[in-house]
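Trainee: Dropping the structure in here first, questions after.
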Amino acid sequence: MARWCGRLRRGVAIAAAAAAIGLPVAAGAVWGAVHGVAEVGPATVDVAVPHIPGSAPPSADEAPGLGPEVKRRLDAAVRGIMKEARVPGVTVGLWMPGKGTYVRAFGIADQHNGLPMAPDLYMRIGSETKTFTVTALLQLADRGRVALDDPIGKYVDGVPGGSRITLRQLAGMRSGLFNYSEDEAFFRALTSDPRRSFTPRQLLGYSFKHPALFPPGQKVDYSNTNLLLLGLVVEKAGGRPLGDYIRDNILRPAGLGHTLFPSDAAFPGPHAQGYTNQTASGEIENATDWNPSWAWAAGAMISDLRDLRVWARTVATGTLPDGTPLISRALQRQRLTVRPTAIPGAGYGLGVFDVNGWIGHNGSLPGYESLTVHLPSARATLVVLLNTDIDHGGQELSTRFGEAITKIATPGHVFSLRVRPTAG
């Protein structure tokens with residue numbers, strides 16, 4: 001299974017079924033030297049975030065609560081990771097009904113002018129886009145426009161093995177199709193001109209020249225190719241462009257006014273600048289204005305902390321903030337039926353993972369990382385937003401933060417996507 005949110009290429013070897021798609025880690029240790037920053041600033045910002053109607057308190061003893069001492073420990077944990085990994089800025093939101101709220105912004109949003117990170121900034125959310133695309137597919141299944149066990153060949157021509165690969169297998173990362181974003185020619189094309197626009201068909205071409213990795217349904221293997229195909233299905237069955245369908249059928253009903261599916265590189269303000277080493281030279285660059293068309297249905301979307309808080313619970317429960325269903329209970333059960341992965345404690349359903357009870361997704365594309373998850377047993381929600389995607393110690397930073405925060409706040413349900421290195 002490829003890395004959970006999908007950097008561009010394979011990097012260091014890890015467990016065979018969980019191989020990472022990342023450039024060799026060059027990053028965190030040299031950040032300060034490259035940018036002349038000796039240490040990430042520890043300043044924090046607290047904000048109030050609106051209450052979500054219908055949120056109920058967690059069961060007793062599920063977590064210790066977010067009192068002053070726990071918040072001090074959380075502050076220290078976040079600052080410690082920032083200092084160690086040279087993270088420019090991060091925003092964290094943790095909501096535990098009946099036990100407290102923790103919302104903080106740390107560090108800086110812009111290395112050029114030193115503007116502080118803030119909870120109201122727009123951010124690119126990468127593979128969290130998958131939760132929206134798959135939700136659109138499930139809505140269309142509810143409406144009888146598609147069936148999850150239809151073959152992809154019914155909707156999209158030219159897919160290798162398209163008569164045997166189902167929409168359900170695509171949504172569950174079990175198609176066996178090669179991940180286009182791991183193709184060397186694609187990597188060269190993107191990094192040589194990161195502001196260029198790609199079409200879904202161009203991107204699929206990078207995948208389809210490779211043989212299938214395994215027969216469909218055999219195992220879970222993360223591939224952005226799957227979501228491009230589902231995006232095309234949504235467009236055909238929904239009768240409109242993917243971004244328009246998601247806006248009208250998901251974002252507006254959920255009240256997500258600060259979430260969008262961009263059609264180009266435009267980025268609403270205010271937003272954080274994003275920094276990456278996924279470049280042609282391997283040097284760190286500002287990727288804020290890179291065109292996200294290369295990720296499309298797999299990772300092009302933009303959102304903010306408030307909207308992602310709402311979306312986390314919506315995905316995990318299948319219901320809108322007002323309590324009405326976004327998708328049927330039957331399809332929600334299917335979405336949350338996870339299959340095991342090579343990562344202990346982690347399973348993948350239909351466009352979502354379940355990691356020790358935390359349901360949701362993470363995201364990464366050059367310059368940004370995110371994590372948006374909900375713990376139904378405690379009604380807890382965690383959102384982490386970063387303005388860098390540079391790994392540290394072979395680990396994605398959103399995972400580092402998620403693990404550190406949940407060890408303190410929900411020790412019975414620690415979010416961890418750590419993978420085991422292969423021998424040799």
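The values are calculated or read from the model by the stated rules, or taken from the named source; none is laboratory data. Owing to the predicted nature of the structure, the values given are computational and were not obtained by experimental measurement. Don't worry about glycine lacking a Cβ; one is built from the backbone with ideal geometry, like all the others, and counts go over all protein chains shown. Surface accessibility is based on the protein's heavy atoms, side chains included, excluding ligands, DNA and RNA. Shrake-Rupley method; radii C 1.70, N 1.55, O 1.52, S 1.80 Å.
Trainee: In segment 243-310, carbon and sulfur make up what percent of the accessible area (probe 1.4 Å)?
Mentor: Of the solvent-accessible surface of segment 243-310, carbon and sulfur hold 46 percent.
Trainee: Moving to a separate point now. Run the paramagnetic zone check for Ser328: 7 angstrom along Cα to Cβ, then residues of segment 147-171 with backbone nitrogen under 19 Å.
Mentor: 147-151, 167-169, 171
Trainee: I've got another one for you. For segment 236-326, what is the accessible area per residue in Å², given a 1.4 Å probe and the full set of protein chains?
Mentor: Accessible area per residue, segment 236-326: 34 Å².
Trainee: Taking 0.36 nm per residue of sequence separation and subtracting the Cα-Cα distance, how much length would be gained by fully extending the chain between Asp264 and Ala118, in nm to one decimal?
Mentor: Gain on stretching Asp264 to Ala118: 50.1 nm.
Trainee: Now for a separate question. What length, rounded to one decimal in nm, is gained on full extension from Arg240 through to Glu283, with 0.36 nm per residue of separation minus their alpha-carbon distance?
Mentor: Net length gain for the segment: 11.5 nm.
Trainee: Here is a further query. Using a cut-off of 30 Å between alpha-carbon atoms, which lysines can reach Lys219, once sequence neighbours fewer than 8 places away in the same chain are excluded?
Mentor: Lys219 reaches Lys130, Lys154, Lys209, Lys236, Lys407.
Trainee: Still on this structure, I have one more. For segment 282-424, what number results from the quotient of the Cα radius of gyration and 2.2 N^0.38 Å?
Mentor: The value comes to 1.09.
Trainee: Here's another thing I want to ask about it. Which distance in nm do the two modelled labels at Lys209 and Arg196 give, with both placed 7 Å along the Cα-to-Cβ direction?
Mentor: Those two pseudo-labels are separated by 1.2 nm.
Trainee: Sequence-distant or interchain residues sharing an amide H contact under 5 Å with His392, placed H: which?
Mentor: The list, which skips near neighbours in sequence, is Leu397.
Trainee: Just the number, please: carbon plus sulfur as a percent of the accessible area of segment 137-218, 1.4 Å probe, no ligands or DNA/RNA counted.
Mentor: Ligands and nucleic acids excluded, carbon and sulfur reach 48 percent.
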